[in-house]
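Any read-out appearing in this document is the output of simple, stated calculations on the displayed coordinates, not a laboratory observation. Since the model is a prediction, treat every value here as computed from it, not as a measurement. No Cβ is skipped: glycine too gets one built from the backbone with ideal geometry, and neighbour counts run over all protein chains shown.
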Amino acid sequence: MHASEIESDLTKVLVTEEQIDAKLEELGRTIDTDYAGKDLLLVGVLKGAVMVMADLSRHLGHNVEMDWMAVSSYGASTKSSGVVQIRKDLDTDIAGRHVLIVEDIIDSGLTLSWLLDNFASRGAASVEVCALLRKPDAAKVTIDCKYVGFDIPSDFVVGYGLDFAERYRNLRDVAVLAPHIYSEE
Ligand code: 5GP
Ligand code: MG
Ligand code: MG
């Protein structure tokens, strides 16, 4: 997708490709230090975390394992309900493993809080979270997110893996979607 094709759909760019890369490099160094001498399993939450996983993992000196999970949360509104269903489970037995969940964004935090409980019940040695983006609402639930890229306002954002109706995931920056896109639906 060329930038020109997509620009008119966006209100503003919130985080640029360059800012994301610099932040993931920094987080990668911290994660390498924190997990020194330990085996690390990265678990990406499909589909939004695909880009974060690809870029963060390549900033690591660690020879990590990767696995993926797909979940969906159900509710009456577009807001996360906290009732989570597993669409695709892990292929890995995480008992005794050091797990780092890789996420695109924490909004209400309900999905992640469910995942953290679920992983703890499978007997992981440790479970931490790395999220590229975090919205203010996340402060309302007790999520211990050890690695956060950027705190952003509550606007609905797209790009760098984040979609609106499955589109805009391949935008290189993170941007706010223009209201006229919503009202077309
Ligand atoms: P939570 O359970 O934290 O409210 O919801 C997390 C999930 O909702 C994210 O993983 C993401 O898929 C979706 N989400 C939350 N905020 C946004 C947003 O601003 N843009 C997009 N595209 N998805 C979002
Ligand atoms: Mg996600
Ligand atoms: Mg989505």
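Note on the chain: Lys pairs 8 or more places apart or on different chains, Cα atoms under 30 Å apart, count 29.
Shown for Val13, Val174, Val99: other C-beta atoms within 10 Å of each C-beta, ranked fewest to most, produce the order Val13, Val99, Val174. Take the Cβ atoms of Thr33 and Glu166, set R0 to 41 Å, and the FRET efficiency comes out at 0.65.
Spin-label model, Asp93/Val141: points 7 Å from Cα along the beta carbon direction are separated by 3.0 nm. Working note: Karplus 6.51/-1.76/1.60 with θ = phi - 60° gives the range 136-151 the couplings x, 4, 4, 5, 6, 10, 7, 10, 8, 9, 6, 10, 10, x, 9, 8 Hz, where Gly and Pro are set to x.
Applying 0.36 nm per residue to the separation of Phe156 and Glu65 and subtracting their alpha-carbon distance, the gain on full extension is 29.6 nm. Overall size of the range 17-152 from C-alpha positions, given as principal axis extents largest first: 43, 35, 23 Å. Residues whose amide H falls under 5 Å from that of Val129, counting only those 5 or more places apart or on a different chain, are Ile101, Lys146, Tyr147, with hydrogens built in the peptide plane. Amide H contacts under 5 Å for Val141: none, restricted to partners 5 or more places along the chain or on a different chain, H placed in the peptide plane at 1.01 Å from N.
Which values of log₁₀ I(q)/I(0), to two decimal places, follow from the Debye formula for the range 1-69 at q = 0.24, 0.29 Å⁻¹ with a uniform point scatterer at every Cα? The calculated log intensity ratios at q = 0.24, 0.29 Å⁻¹ are -1.09, -1.29. By the beta-carbon count within 10 Å of each Cβ, the least crowded to most crowded order of Ser73, Ser121, Ser57, fewest first, is Ser121, Ser73, Ser57. For Ser121 and Thr16, the difference between the fully extended length at 0.36 nm per residue and the C-alpha to C-alpha distance is 34.1 nm.
Pick out, from Cys145, Thr16, Ala54, the residue whose Cα sits farthest towards the positive end of the charge dipole of the chain, with +1 on the Cβ of Lys and Arg and -1 on the Cβ of Asp and Glu. In the chain, that residue is Cys145.
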